[in-house]
Amino acid sequence: MTERHDVIVVGAGHNGLVCASYLARAGRKVLVVEAGDSPGGAAATREFAPGYSVSGCAQWVYQLHPGVSRDLELERHGLQWAARDLASVLLDSRGCHLTLSGALIESDQLSGDDREAWRAFHDRTGRYARLLARVFESRPPKLVESNLADRLTLLRLGLGLKLLGRDDMSDLMRIVLTNMYDLMEEYFDSPQLKAVLSFDSVLGARMGPRTPGTVFGYLYRRLGENFGYNGVAQVKGGMGALGQAMAASARVRGVELRLGCRVSSIDSVDGRAAGVTLASGEQLRAALVVSSADPVTTFKGLVGFRHMETGMARRVSQVRCEGIAARLHLALDGLPRFTGLDGARLGQRLVIAPDMNYLERAFNAVKYREYSPHPALDISIPTVNDPAGAPAGCHVLSAIVQFAPYGPPGGWDGPSAVAGLSHREHFTALVLDKIAEYAPGIKEQVVASQLLTPVDLERDYGMTGGHWHHLELSLDQVMMMRPFPGATQYASGLDGLYLCGAGAHPGGGVMGLAGKNAAREILRRGAAA
Amino acid sequence: MKAGSDATMMLRTPFHARVAAACELNDWGTWKGYTTPRAYTDMELEYFAIRSTAGVFDLSPMNKYRITGPDAQACLNRMVTRDVSRIGVGRVGYTVWCNDAGQVMDDGTLFHLGENDYRLCAFARAIDWLHWCALGFDVSIVDESDEVAALAVQGPTSCATLLAMGLEGLEQLKPFGLTHFSFEGETLMVSRTGFTGDLGYELWIAPRQAELLWDRLFAAGEPYLIKPFGSDALDLARIEAGFLQAGVDFVPAESAVRSGRSRSPFELGLAWLVSMDKPVFNGRRALQREQAQGSRYRFALLDVDGNKPAHHSFILSRGGKVGTVTSAAWCPTAKSNVAFAQLEMPHGAVGEELVAEIYYQRELQWTRVLAPCRVIGSPVFNPPRRRAVPPGAF
Ligand SMILES: Cc1cc2nc3c(=O)[nH]c(=O)nc-3n(C[C@H](O)[C@H](O)[C@H](O)COP(=O)(O)OP(=O)(O)OC[C@H]3O[C@@H](n4cnc5c(N)ncnc54)[C@H](O)[C@@H]3O)c2cc1C
């Protein structure tokens, strides 16, 4: 049992790799231990049918921090874009689609009033998102015993609020706690516009448009504008290529990466994290352990409740991390045809969420561990921009599907209400029916399909609950309350253990800031870390 | 409880019929929703029974929790400050437990009944906290407060009384030991424990045999001048013996509303109960920090001049307020005027001379005295019979 490393990072998700790279760049000897066979975590490319591969979990890049891309020299290490600045197209079954690309809206249906309201809304919320982006670029302040650095962050937040001007400031304070539904009703008439914006506010969250805090979710989604994105982007080779680029960059900086090694426990000596034990039984020692695994895995699974104090075990047992987003991958023998959608727009982001009540109803179902026959979808056809993912002439259609319950009664492979069909088969059929309302011939084109429910995502990507953000991004679980009070600023409540994944501030999405901020905090603390 | 003319909201202990018959003063108080006597006949006579003969106290309302299962010891060891692994089977340990902030939630006694089989007696309700503490442990937790009736038999003739009742060999039981007897088809557990600082025992029995136990006990104890006592006499005895009372001498941390009102074990003079060498237990991180940075308060036993109990007094040093009194009494056996005080650090070192600002009333006239007092190192009452095995005949 030797201590050959200063830091062991659990998990080679993008945040783990980012954190490791920054630490290595500062001279630390870093080992990253990853359970899976490839780097990137939920930023992954997987073959789901012979000859067909796809971004298995996350599919779009829209908020990867430019500082991170620059510092890790991702493009030099192989990151290529298949497409950038893609528009979001809200599909209409009769073909009257609404296209949103950054600040621009294309629609035959939108009134002049709505267009004007949109401009005002977009500008205003853009300013709020800018303020958030700045706050997210540093560690969250602590409210008690705040020191100078925290005061500066608070000051920046306060100053930022002040600089917004009095009207904006009171407006932000008002709307950030409210729900998207009411806010949309306040601004717009167009059901389509209201729907596409509220879809973004609830994507990845166990929330419907009427859930308080969804405006925060919307602003979070808008962060990317400050990071150089005008819409979503697609990575060439799928999200796994981003993981590979990050791993290459980390290796060049001296990070040692061990894939296919599951950590079975984070070990402590005299109340301080001192290393990890692998599933193989091998023990590794280091002065610090940093986990990019989700907080429940980290604390409950790896540290173990019995090795922490009760108050903390209690906090961990109470966090909300049940995912509701599923993934459906379809292997198609040709390019699908969507009513009223020209070929050029097939490579964009396609959204099915006709109106806000539709979304709310789809959400209602998961409250009762059910699924709605009318789910909402975020669809990509990645092979339009990057044909390598399918055999020649063939295509992949891949969707993020909301809302899927974590556990329908009897489990996903248990019997559904339709005789002979499991929940998995039934839900797949419902989603296909839904897509077919917009792309009538699609069912005949499907040669293979794969549904990944939150339970499957949990298993395949090692995230408790299969949650997009590892932990729900609700107002009681953000900033200094993330992941839970008592564990903040990337420290964990167990000395020597830090968090650097989506469960830490600021949250999930392929962004890299959790990893970067955690590394900065560890380096700032120096010997005291 | 049947509805009737004497229906009451108060709960009754399994001994109630006997207690009520003996309670001449009808001076009832409440304890955890139970109606219990403050005094039966005369508080002072009851106190003297504890110190000179034998006194009996109904402690059935005490919260009692049974913790069993493969991880029972590990779970309790993480919960309380003491090293539970050092409390052997058949032994009882006094301990406190803290929240993560290292603040005392409660104190109590832990009975090690068998391998991974414990009973925790607690002042405050603790079922929710026990369940939180059980996260990650394979244990079962049962609230058996209502399944176990209990009597404390305390005083010099307590052993002789119990021997006369037929508890053969009891004189060999060591302090903080426990043993079992059969009693009319039930198991009677006896522990050599108590809250009076005297020779004494606690008897634990199923409620259906409670009244019979009371009757046998008082029959056997008659020649030994046995007497029931209420909570007032107990309070006097425990102050004389230097025992803290939860809710009086400290605010249970999780029920403190105002910040800064709770106390750590160090601040309550209970450092001897804290095993910092355990790798993890609730409050350890905070207590480590406290050790490094220093405590805010110190618990002090004060010997106060004069005979006016320093109830609720301010404690002064050079005219400035440095603390307050939480419990005080003029202790008849030790013949000293004792006060428990919470003093701001660095005050409270043994030998320090301070002043108690005492207010008292005589025939509607309030008087203030400034009584010199000094910090003493150990309780004023601690007789050899409390520890002797066998305790000897009195
Ligand atoms: C359905 C779905 C769709 C999404 N779509 C998008 C999207 O389009 N765009 C976007 O930006 N974000 C998307 N997200 C969110 C995004 O995928 C995550 O927030 C992000 O990838 C989290 O990155 P991370 O590095 O913090 O954690 P992860 O990527 O989860 O990395 C954690 C790593 O730790 C490893 N690990 C866990 N336990 C152990 C162990 N015991 N031993 C060793 N290793 C371990 C895991 O294998 C994993 O590699 C989506 C999420 C979901 C669930």
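The values are calculated or read from the model by the stated rules, or taken from the named source; none is laboratory data. What you see is a predicted model; the values in this text were computed from it and never measured. Note that we place each Cβ from the backbone using ideal geometry, even for glycine, and neighbour counts take in every protein chain shown.
Below is a table of values for the structure above.
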| quantity | calculated |
| --- | --- |
| Total residues in the range A:32-61, condition near the ligand (Cβ under 8 Å from one of its atoms), in contact with a strand residue (DSSP E or B) (Cβ under 6 Å, 6 or more places away or on another chain) and in a loop (DSSP other than H, G, I, E, B) | 3 |
| Answer from A:215, A:232 - the residue that is surrounded by 21 or more Cβ atoms within 10 Å (Cβ to Cβ) and under 19 Å from residue A:89 (Cα atoms) | A:232 |
| Some residue of the range B:153-175 being in contact (Cβ under 8 Å) with a residue 12 or more places away in the chain, within 14 Å of chain A (Cβ to nearest Cβ), more than 11 Å from residue B:203 (Cβ to Cβ) and touching a Pro at 6+ places or on another chain (Cβ under 9 Å) | no |
| Residue check for residue A:301: more than 14 Å from chain B (Cβ to nearest Cβ) and more than 24 Å from residue A:207 (Cα to Cα) | no |
| Residues of the range A:161-201 classified as over 24 Å from the mean Cα position of the chain (by Cα) and in a loop (DSSP other than H, G, I, E, B), total | 5 |
| Residue match in the range A:467-487 (condition: more than 24 Å from residue A:223 (Cβ to Cβ), of a type in the set (Asp, Glu) and outside any strand (DSSP E or B)) | no |
| For residue B:243: the one exception among (1) closer than 23 Å to residue B:388 by Cβ; (2) crowded, with 21+ Cβ neighbours inside 10 Å; (3) outside the structural domain of residue B:33 (by TED's automatic domain parsing) | (2) |
| Subset of the range A:80-92 [among the polar types (S, T, N, Q) and surrounded by 15 or more Cβ atoms within 10 Å (Cβ to Cβ)] | A:88 |
| Residue match in the range A:239-261 (condition: assigned to a strand (DSSP E or B), β-branched (Val, Ile, Thr) and either closer than 27 Å to residue A:380 by Cβ or more than 14 Å from every other protein chain (Cβ to nearest Cβ) (or both)) | no |
| Qualifying positions in the range A:1-17 - more than 8 Å from the ligand (Cβ to nearest atom) and either outside any loop (DSSP other than H, G, I, E, B) or of a type outside the set (Val, Ile, Thr) (or both) | A:1, A:3, A:4, A:5, A:6, A:7, A:8, A:9 |
| Only one of A:313, A:331 that is surrounded by 19 or more Cβ atoms within 10 Å (Cβ to Cβ), farther than 23 Å from residue A:233 by Cβ, not assigned by TED's automatic domain parsing to the domain that holds residue A:499 and not basic (Lys, Arg) | A:331 |
| Criterion: more than 16 Å from the ligand (Cβ to nearest atom) and either away from chain B (no Cβ under 14 Å) or farther than 25 Å from residue A:82 by Cα (or both) - qualifying residue of A:375, A:382, A:391 | A:391 |
| Tabulated pairs, the range A:369-383, first among the aromatic types (Phe, Trp, Tyr), second within 13 Å of the ligand (Cβ to nearest atom), C-beta under 8 angstrom, 6+ apart or interchain | A:371/A:403; A:371/A:404 |
| Complete set of residues in the range A:313-343 that are within 10 Å of another protein chain (Cβ to nearest Cβ) and touching a helix residue (DSSP H, G or I) at 6+ places or on another chain (Cβ under 7 Å) | A:313, A:314, A:316 |
| From the options A:64, A:23, A:72, residue that is more than 14 Å from chain B (Cβ to nearest Cβ), within 12 Å of the ligand (Cβ to nearest atom) and buried (at least 23 other Cβ atoms within 10 Å of the Cβ) | A:64 |
| Failed item in (1) aromatic (Phe, Trp, Tyr); (2) over 22 Å from residue A:268 (Cα atoms); (3) in contact with a Phe, Trp or Tyr (Cβ under 6 Å, 6 or more places away or on another chain), with residue A:498 passing the rest | (2) |
| Conditions (1) outside the structural domain of residue B:164 (by TED's automatic domain parsing); (2) modelled with pLDDT of 95 or more; number of the one not met by residue B:279 | (2) |
| Strands (runs of 3 or more DSSP E) enclosed by the range B:57-147 - at least 1 residues per element that are within 12 Å of chain A (Cβ to nearest Cβ) and within 26 Å of residue B:234 (Cβ to Cβ) | B:92-98, B:104-114 |
| Qualifying residue in the range A:275-283 (condition: out of contact with any Asp or Glu (no Cβ under 7 Å at 6 or more places or on another chain) and closer than 17 Å to residue A:19 by Cβ) | no |
| Answer from A:35, A:49 - the residue that is among the small types (Gly, Ala, Ser), at pLDDT 95 or above and farther than 30 Å from residue A:447 by Cβ | A:35 |
| Filtered residues of the range A:473-510 (kept if among the aliphatic types (A, V, I, L, M), within 16 Å of the ligand (Cβ to nearest atom) and out of contact with any strand residue (DSSP E or B) (no Cβ under 9 Å at 6 or more places or on another chain)) | A:473, A:478 |
| Unmet criterion (only one of (1) within 14 Å of chain A (Cβ to nearest Cβ); (2) closer than 30 Å to residue B:256 by Cα) for residue B:13 | (1) |
| Condition broken by residue A:523, with the remaining ones in (1) within 15 Å of the ligand (Cβ to nearest atom); (2) part of a helix (DSSP H, G or I) satisfied | (1) |
| Complete set of residues in the range B:286-299 that are buried (at least 21 other Cβ atoms within 10 Å of the Cβ) and within 14 Å of another protein chain (Cβ to nearest Cβ) | B:287 |
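So that you can scan it fast, the table gives a plain yes or no per residue for (1) over 25 Å from residue B:126 (Cβ atoms); (2) in a loop (DSSP other than H, G, I, E, B); (3) touching a strand residue (DSSP E or B) at 6+ places or on another chain (Cβ under 8 Å):
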residue	(1), (2), (3)
B:167	yes, yes, yes
B:174	yes, yes, no
B:178	no, no, yes
B:190	no, no, yes
B:201	no, no, yes
B:211	yes, no, no
B:218	yes, no, yes
B:227	yes, no, yes
B:234	no, no, yes
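Condition check ((1) surrounded by 24 or more Cβ atoms within 10 Å (Cβ to Cβ); (2) under 21 Å from residue B:110 (Cβ atoms)) across all residues:
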| position | (1), (2) |
| --- | --- |
| B:34 | no, no |
| B:66 | no, yes |
| B:70 | no, yes |
| B:75 | yes, yes |
| B:83 | no, yes |
| B:88 | no, yes |
